[in-house]
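The numbers here are math on the coordinates, done by the rules we state, and not lab data. All values derive from a computational prediction rather than experimental measurement. Positions of Cβ are generated from backbone atoms using ideal geometry, with glycine treated the same way; all protein chains shown enter the neighbour counts.
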Amino acid sequence: MDKVNILGIQFDNKTFNQFQNEFIKKINNHESTFVVTANPEIVMAANEDPEYMEILQNDADYITADGIGIVKAAKMLNQPLPERVTGYDLFTWLMQLANERELRVYLIGAKPNVIHAVQEEIARNYSNIQLVGAQDGYFKEDLNTIAKKIERTSPDLVFAALGFPKQEKLISILRKDLTPALMMGVGGSFDVFSG
Ligand code: UDP
């Protein structure tokens, strides 16, 4: 089975390594790709917010099981998923890939001091990344305006750390515009990454 349905969310039945291989292909082809790393809170929220559910069902290209709670639920439904695939693990791997390949990265989210610390960490340990945008997540503009701003920088990778559902709502706009980047909501990952 390719997908495992948990409360309306179609999880991809893939290992971390299989996701890596698919994402590398998408990045090589400059395909617009929307990745959601869904934890139990996200599944519950989508069941209470039709707009969010619509985004996860119709706009997302991949949904990973972010947390052991999802893996356990899948097992209980007799449709096991191979392993958990967290947003943070995918984020750090993609940042390493971006560094190796000198990719264009746009970061949006977290508090101003956190995004500043993330920029410092990139300068220290990921200095080949072309950081085309780094902005905090407490902006006044609407999501459409922010999406246009991101598109103008022609990123290869977009990471939105705005918490759910805001991060997925922003990426769904970019995905509908066919922005040729791999895009992922990463929750609190910038806070962790910045140390
Ligand atoms: N955040 C943001 N803008 C907002 C709300 C939250 O940038 O309007 C950031 C917050 O600073 C944190 C990240 O979103 O870095 C994740 O927040 P939270 O832990 O609440 O979300 P979750 O990880 O549970 O999705």
Selection over the range 150-178 where residues are part of a strand (DSSP E or B), of a type in the set (A, V, I, L, M) and more than 8 Å from the ligand (Cβ to nearest atom) yields a count of 3
Out of 119, 57, I need the residue that is farther than 26 Å from residue 25 by Cβ, surrounded by fewer than 18 Cβ atoms within 10 Å (Cβ to Cβ) and polar (S, T, N, Q). Which one? 119
Members of the range 1-27 found to be more than 24 Å from residue 156 (Cβ to Cβ) and surrounded by fewer than 16 Cβ atoms within 10 Å (Cβ to Cβ), listed by number: 1, 2, 3, 5, 7, 8
Which members of the range 78-116 meet the condition of being touching a residue at least 60 places away in the same chain (Cβ under 8 Å) and among the β-branched types (Val, Ile, Thr)? 85, 92, 108, 114, 115
Would the range 132-140 turn up any residue that is aliphatic (A, V, I, L, M), within 13 Å of the ligand (Cβ to nearest atom) and in a loop (DSSP other than H, G, I, E, B)? no
Taking residue 147 and the conditions (1) of a type in the set (A, V, I, L, M); (2) away from the ligand (no atom under 16 Å from the Cβ); (3) within 22 Å of residue 52 (Cα to Cα), which numbered condition does it fall short on, given that it satisfies the others? (2)
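So that you can scan it fast, the table gives a plain yes or no per residue for (1) more than 23 Å from residue 179 (Cβ to Cβ); (2) in contact (Cβ under 8 Å) with a residue 40 or more places away in the chain:
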position	(1), (2)
3	yes, no
8	yes, yes
35	no, yes
44	yes, no
47	yes, yes
64	no, yes
List the helices (runs of 4 or more DSSP H) that sit entirely inside the range 1-96 and contain at least 3 residues that are under 14 Å from the mean Cα position of the chain (by Cα) and closer than 30 Å to residue 121 by Cβ. 16-28
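So, residue 149, is that one in contact with a Gly (Cβ under 8 Å, 6 or more places away or on another chain), without any contact (Cβ under 8 Å) to a residue 60 or more places away in the chain and surrounded by fewer than 16 Cβ atoms within 10 Å (Cβ to Cβ) or not?
Here the answer is yes, as residue 149 does meet what is asked.
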The condition from (1) within 16 Å of the ligand (Cβ to nearest atom); (2) surrounded by 15 or more Cβ atoms within 10 Å (Cβ to Cβ) that residue 181 misses is numbered (1)
